[in-house]
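First the structure, which I've put down as structure tokens, then a few questions once you've had a look.
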Amino acid sequence: MERTAYKFSVVIPAHNEEAYIDKCLRGICKAAKHAAPDRVQIIVVANRCTDRTAQIAKRYGALVIENDDRHISRIRNAGAKAAEGEILVTIDADSVMTEHALCEIREKLASKKYIGGGANPKFERMSPGIACSGAYILLHLLPRMIRAGAFLSGGMFWCKKADYDRIGGFDPKLVSMEDMDFAERLCRYGKALHKKYGTLKRSHIVTSARKFDALGDWYLLKNRQLTKRIFTGKDRDAANQFYYDIR
């Protein structure tokens, strides 16, 4: 049987995501039909899962990689290491890409104007607390964007797999803010090649509000010291408290 030449590899880090991953996978499959039917490799990194995450992923034909790291950079990199596609996309298990997202990614990279980029996230629900929290986070990230000279959108990252490898993927020294660090390094690398860091315009992702559901819509603003510690990228206790221990 001839081996599939994948156009895309979509990496999904997943820790006990049975409540969300089905919607994420359905979104990828719908986007694949528009962009590259039968040429999208889905990779689910099942991180310390004790639920049905892996079984659900396999129903969609995903490659499931078992992983025990308590470290998001290493989890993402484990998935990327198995990627066989020319274009690498990373998305969280509680997020859903819109149906033309892969098409737009392919178009932007084919134009040779972009090194890669991100997508704007939209929460599945909105409230004053969530809106103010988003503005607070953006305010803290603004200096980094000014230094980069670009709007460093995240949520869902995309680039050529070769370029991901050249910049070293996600930094395993960081226990948080690995996404912003990746965006900065991808942006710098692109500038050296006279390419831009892009944000999808016609497409976006819809992400869950589960942390706000669990902690309260004003949690980040009421716990600004914790938020500042998370922004350092290197505070393991803060990362555990916000990302791991609540689950």
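Any idea which residue in region 156-180 is surrounded by the most Cβ atoms within 10 Å (Cβ to Cβ), counting only those that are of a type in the set (F, W, Y) and not in a loop (DSSP other than H, G, I, E, B)? So that I can check it myself, show each step before the final result.
Narrowing region 156-180 to residues of a type in the set (F, W, Y): 157-158, 164, 170.
After this cut, where a residue has to be not in a loop (DSSP other than H, G, I, E, B) as well, the list is 157-158, 164.
On the way: F157: 22, W158: 28, Y164: 25.
In this case the residue turns out to be W158.
Within the set of pairs 6 or more residues apart or between chains, which connect a residue that is under 13 Å from L88 (Cβ atoms) inside region 33-55 to a residue that is at pLDDT 95 or above and aromatic (F, W, Y) with Cβ atoms less than 7 Å apart?
V40/F8; Q41/F8; I42/Y60
Mind listing just one residue for me: the one in region 105-134 that is charged (D, E, K, R) and part of a helix (DSSP H, G or I) and, of those, surrounded by the most Cβ atoms within 10 Å (Cβ to Cβ)?
Only one residue tops the list, namely K108.
Right, next: Mind listing just one residue for me: the one in region 36-51 that is of a type outside the set (A, V, I, L, M) and part of a loop (DSSP other than H, G, I, E, B) and, of those, surrounded by the most Cβ atoms within 10 Å (Cβ to Cβ)?
C49
Okay, next question. Among the candidates A14, A19, single out the residue that is of a type outside the set (D, E, K, R), out of contact with any Pro (no Cβ under 8 Å at 6 or more places or on another chain), touching a residue at least 24 places away in the same chain (Cβ under 8 Å) and closer than 30 Å to G233 by Cα.
It is A14.
Follow-up question, since we're still on this one. Count, please, the residues in region 63-81 that happen to be aliphatic (A, V, I, L, M), in contact with a helix residue (DSSP H, G or I) (Cβ under 7 Å, 6 or more places away or on another chain) and free of Cβ contacts under 8 Å to residues at least 40 places away in the same chain.
Number satisfying all stated conditions: 2.
From the list A82, A54, which residue is over 14 Å from the mean Cα position of the chain (by Cα), surrounded by fewer than 16 Cβ atoms within 10 Å (Cβ to Cβ), at negative phi and of a type in the set (G, A, S)?
Answer to the selection: A82.
Out of all the residues in region 216-230, is one or more of a type in the set (D, E), surrounded by fewer than 18 Cβ atoms within 10 Å (Cβ to Cβ) and over 16 Å from the mean Cα position of the chain (by Cα)?
no
Yes/no matrix, rows are residues, columns are (1) under 23 Å from L200 (Cβ atoms); (2) modelled with pLDDT under 95; (3) among the hydrophobic types (A, V, I, L, M, F, W, C):
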{"site": "K58", "(1), (2), (3)": "no, no, no"}
{"site": "H71", "(1), (2), (3)": "no, yes, no"}
{"site": "R74", "(1), (2), (3)": "no, no, no"}
{"site": "L109", "(1), (2), (3)": "yes, no, yes"}
{"site": "A119", "(1), (2), (3)": "yes, no, yes"}
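Out of (1) within 19 Å of D94 (Cα to Cα); (2) at pLDDT below 95; (3) within 16 Å of the chain's Cα centre (by Cα); (4) part of a loop (DSSP other than H, G, I, E, B), what's the single condition that is false for I246?
Every condition holds for I246 apart from (3).
Now for a different question. All but one of (1) hydrophobic (A, V, I, L, M, F, W, C); (2) assigned to a helix (DSSP H, G or I); (3) touching a Pro at 6+ places or on another chain (Cβ under 9 Å) hold for V206; which doesn't?
V206 satisfies all of (1) hydrophobic (A, V, I, L, M, F, W, C); (2) assigned to a helix (DSSP H, G or I); (3) touching a Pro at 6+ places or on another chain (Cβ under 9 Å) except (2).
On to the next question. With the requirement that a residue be surrounded by fewer than 16 Cβ atoms within 10 Å (Cβ to Cβ), of a type outside the set (A, V, I, L, M) and not in a helix (DSSP H, G or I), what does region 185-203 give you?
Those that are surrounded by fewer than 16 Cβ atoms within 10 Å (Cβ to Cβ), of a type outside the set (A, V, I, L, M) and not in a helix (DSSP H, G or I): H194, K201, R202.
Taking region 95-104, which residues are within 19 Å of F182 (Cβ to Cβ) and either in a loop (DSSP other than H, G, I, E, B) or touching a Cys at 6+ places or on another chain (Cβ under 7 Å) (or both)?
Listed by number, the list holds a single entry, S95.
Right, another one. Look through region 29-42, keep the residues that are touching a Leu at 6+ places or on another chain (Cβ under 8 Å) and more than 13 Å from V206 (Cβ to Cβ), and return whichever of them is modelled with the lowest pLDDT. Don't jump to the end; show me each part of the working.
Start the filter on region 29-42 by keeping residues that are touching a Leu at 6+ places or on another chain (Cβ under 8 Å), which leaves 31-32, 34-36, 40-42.
Adding the requirement that they be more than 13 Å from V206 (Cβ to Cβ) leaves 32, 34-36, 40-42.
Working: A32: 98, H34: 95, A35: 95, A36: 92, V40: 98, Q41: 98, I42: 98.
Top of the filtered list is A36.
Any residue in region 229-247 that is closer than 18 Å to T50 by Cβ sitting within a Cβ distance under 6 Å of a residue that is modelled with pLDDT of 85 or more? List the pairs, counting only those 6 or more apart or interchain.
Between residues of region 229-247 that are closer than 18 Å to T50 by Cβ and residues that are modelled with pLDDT of 85 or more, the close pairs are I246/A214.
The values are calculated or read from the model by the stated rules, or taken from the named source; none is laboratory data. Here the structure is a predicted model, which is why all the values come from computation and not from measurement. Don't worry about glycine lacking a Cβ; one is built from the backbone with ideal geometry, like all the others, and counts go over all protein chains shown.
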